[in-house]
Amino acid sequence: MNQRSRQAGSWSSLGLDLVTLRLFKAAVEERSFVRAAEREHLALSAVSRRIAEMEARVGTSLLRRHDRGVEPTAAGEVLMRHLDVLFDLLERAALDLEAFAAGVRGYIRLHANLSAIAGSLPEALASFQLLHPEIEISLEERISTDILHAVQIGTADIGLVSGTLPDVGLQLVHWLNDRLMVVVPQAHPLALTDAPLRFSDIVTEPFVGMSAAMALQTLYRREATILGETLRERVNVASFDGVRRMVEAGFGIGILPEAASAPFAQVMRIVVRPLDEPWAKRSLALCFRDRETLSTAGRLLITHLVGRDIFNT
């Protein structure tokens, strides 16, 4: 039997299949059978059974089970290194075939945070589509930490995230600056001043906050702690629109990006003032795994968004 036949026979004799390998990869990346089952839309018992059967066939443990979830053994880590390459190739092949079948020549999975979507991203994508009608873009709104994870594991090609997040080994490219503003009800005493507001001026006010997982909310709480205060979060909502409406109704004050607050001061009973803090001028960044694996369509989109070709410099 030649080497190629032995390799084919080995794969076949071990009973390895792509579905089980994908479940194993999900379990390692999520560090949990439960989250892997949710991600792959399967029953928890099915995920656990398939992986256990695979371990029995290969004759070694691939995962360590414990109360907090699972983690790969040394053999599991070796398998994961191969699976990263394998599924990268399969994903690219599938996307290329889907693109040709749909009559387009490119497909980009873009995940963006709320600040980007509420700002100039829609217009930027519209102008890109006019220039490249053959490229299809799938856009999903996510919080910045989830976007980083999606780009890391390959379920998103490009992410738009807060530039204040820690380095997680991805390529980051500055996109634009994002200025934070204080939003107050029209009848609030702070609405009477035209001057920019310091955070210390507002930190003790009733506050309309957002989800604790959002980078903005983490930022506000951290800055309050630095001042020796705790935000008086009267209500927490899931969107910028929710913040504006709750402020208008008098539940408290809020802090939002300029693009998500200033235009609405003309049509809502709210007043918007600049937040006079160094951290109020934030950066929004594009992130992707690496230049070598980014598709041509993805490179074209990043070049369009940043206004220059970063890949040939």
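Here, each number is a calculation from the coordinates, and none is a lab measurement. Everything numeric here is computed off the predicted structure, so don't read it as measured data. Virtual Cβ from ideal backbone geometry, glycine too; neighbours counted across all protein chains shown.
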For the chain, with +1 on Lys and Arg beta carbons and -1 on Asp and Glu, the positive-most of Leu21, Trp279, Met268 along the dipole
Leu21
Could you tell me the center-to-center distance, by alpha carbons, between segment 121-145 and segment 282-311 in angstrom?
12 Å
Give the relative contact order (percent, whole number) for the chain; include only Cα pairs under 8 Å separated by 6+ residues.
19 percent
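Based on DSSP loop calls and a cut-off of at most 15 other Cβ atoms within 10 Å, the longest stretch of the chain free of exposed GluC sites (Glu not before Pro) is what? Write down the numbers at each step before the final one.
Numbers: sites that count: Glu134, Glu229, Glu292.
Here the longest run is 1-133.
Using only alpha carbons, build the gyration tensor for segment 71-213 and give me the equivalent ellipsoid semi-axes, biggest first, whole Å.
39, 23, 11
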Counting Lys and Arg as +1 and Asp and Glu as -1, each charge on the Cβ, what is the dipole of the chain about the Cα centre in debye, to the nearest 20?
540 debye
Per DSSP H run of n ≥ 4, the term is -39500 (n - 2.57); total these for the chain, divide by its residue number, and report the mean residue ellipticity at 222 nm rounded to 500 deg cm²/dmol.
-13500 deg cm²/dmol
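Hand me the trypsin sites (Lys or Arg not before Pro) from segment 33-72 located in a DSSP loop with no more than 12 other Cβ atoms within 10 Å, in residue order please. Working shown, then result.
Numbers: sites: Arg35, Arg39, Arg49, Arg50, Arg57, Arg64, Arg65, Arg68; in loops: Arg68.
Answer by residue number: Arg68.
Ratio of alpha-carbon Rg to the 2.2 N^0.38 Å globular estimate for the chain, to two decimals, please. Could you put the intermediate results ahead of the total?
On the way: Rg = 24.0 Å, N = 313, 2.2 N^0.38 = 19.5 Å.
The value comes to 1.23.
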For Val168 and Thr303, FRET efficiency with R0 = 25 Å and r from the beta-carbon atoms, rounded to 0.05?
0.60
Which trypsin sites (Lys or Arg not before Pro) in segment 238-271 pass both tests, a DSSP loop state and at most 15 other beta-carbon atoms within 10 Å?
Arg269
